[in-house]
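Working notes, structure below.
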């Protein structure tokens, strides 16, 4: 997975609430043109339109309709600040939106609740994972979502909003926030399924013929599992905090759905831990296979060395400079010595074969 430079150094020494974009510096994200989509709806009517930064100056939300404002391109500091000022967001909230390298978190205020999570994309070819930060601000009659890029992750929710008599239209923006969180968690399971398939295929390769390529793949999948765990563990606590509903931003009708998302995160973590255990076991399998292969090679070399040791001993004895030695003056003495060497070697081969030292069995 390709790494990018971050702008963390720009925040050193700055006071809290300083607005600086922290994210991927040397990537195409900073080249994305920011886009603002606005959906105003109620149970009967829905309207959609795109806004520019110039339109925000005269934009006024309709108090009689629910509002969903989605922003692509949080690298535009002035645009994020303009939206923050329009909805009276705390400077620390705007700072957190611009910092795209944070763990999932939640902050509750009197007029809104702010939470951050991550959306993951798995690449099967390289067995790596990329992610982007998703920030949500839920008010009593509005929902703001901030994305780094346009990914289409929320398009199924938009399609449900466009459908007449849809449940998401009839309920409030709290149900819309639940729907977005549910779509994010569902994508986690898609990533988990792909990782599980790759780990099973990798396990089959390890059991047949392990190699250095499989070891690299194991490390890649372990890195992916660490990234997923780092994001989902705090997300579970975020959703649990939302389910407590201390500020009353979620209506009673939405609470069962929110608890269902919490159950999904718990189920995801359990499945992820199972895959992590499998990967750890695969590492043990690889190390055991390598150790067994080394033992077989050392045993083969030992057998060859032992076969030549008697011949070396006999050759060394008959190579001593004595005048009177057996078979020295014999016409067939040389062949007798070779025969003895061969007989000893044959006897040793039979012994090794009976002890199964000449096979791959241990």
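How would region 53-118 be classified by its alpha-carbon gyration tensor: rounded, prolate or oblate, with rounded meaning a/c under 1.5 and the a/b versus b/c comparison settling the rest? Verdict is oblate for region 53-118. Label positions at residue 287 and residue 87, each projected 7 Å from the Cα along the C-beta direction, are separated by 4.9 nm. Restricting attention to the chain, close to 85% of DSSP beta bridges with both partner residues there are antiparallel.
Note on residue 193 and residue 301: their simple-model spin labels are 4.9 nm apart, each label 7 Å out from Cα toward Cβ.
Roughly how large, in nm² to one decimal, is the mean projection of the convex hull of the alpha-carbon atoms in region 300-354?
For the Cα atoms of region 300-354, the hull's average projected area reads 4.1 nm².
Computed packing ranks the peptides 127-135, 184-192 as 127-135, 184-192, most packed first, by mean other Cβ atoms within 10 Å.
When 201, 150 are ordered from fewest to most other Cβ atoms inside 10 Å of their Cβ, what list results?
201, 150
FRET efficiency for the residue 332 to residue 271 pair, using the beta carbon distance and R₀ = 56 Å, is estimated at 0.15.
What number, in nm² with one decimal, is the all-direction average of the projected area of the convex hull of the alpha-carbon atoms of region 209-362?
Working: hull surface 63.1 nm².
Over all viewing directions, region 209-362 projects a mean Cα-hull area of 15.8 nm².
Calculated mean residue ellipticity, 222 nm, the chain: -18000 deg cm²/dmol, from DSSP H runs (n ≥ 4) at -39500 (n - 2.57) each, averaged per residue and rounded to 500.
Counted by neighbouring Cβ atoms within 10 Å, the residues 218, 285 run from fewest to most as 285, 218.
Gain on full extension, evaluated as 0.36 nm per residue between residue 182 and residue 123 minus their Cα-Cα distance, stands at 19.0 nm.
Here region 63-183 carries DSSP beta bridges of which approximately 80% are antiparallel, counting only pairs with both residues inside. How would you classify region 70-196 from its alpha-carbon gyration tensor, with a ≥ b ≥ c the square roots of the eigenvalues: rounded for a/c under 1.5, else prolate if a/b is greater than b/c, otherwise oblate? Oblate.
Let a ≥ b ≥ c be the square roots of the eigenvalues of the Cα gyration tensor of the chain; is it rounded (a/c under 1.5), or, if not, prolate (a/b larger than b/c) or oblate? Because a/c hits 1.5 or more and a/b exceeds b/c, the chain counts as prolate.
Using Cα centres only, tell me the gap between region 41-104 and region 186-204 in whole Å. About 35 Å separates the Cα centre of region 41-104 from the one of region 186-204. Subtracting the Cα-Cα distance of residue 60 and residue 353 from 0.36 nm times their residue separation leaves 96.5 nm of extension gain. For residue 247 and residue 229, the difference between the fully extended length at 0.36 nm per residue and the C-alpha to C-alpha distance is 3.7 nm.
The numbers here are math on the coordinates, done by the rules we state, and not lab data. Note that this is a predicted model, so its numbers are computed, not measured. Cβ sites come from the backbone with ideal geometry, for glycine too, and all protein chains shown count toward neighbours.
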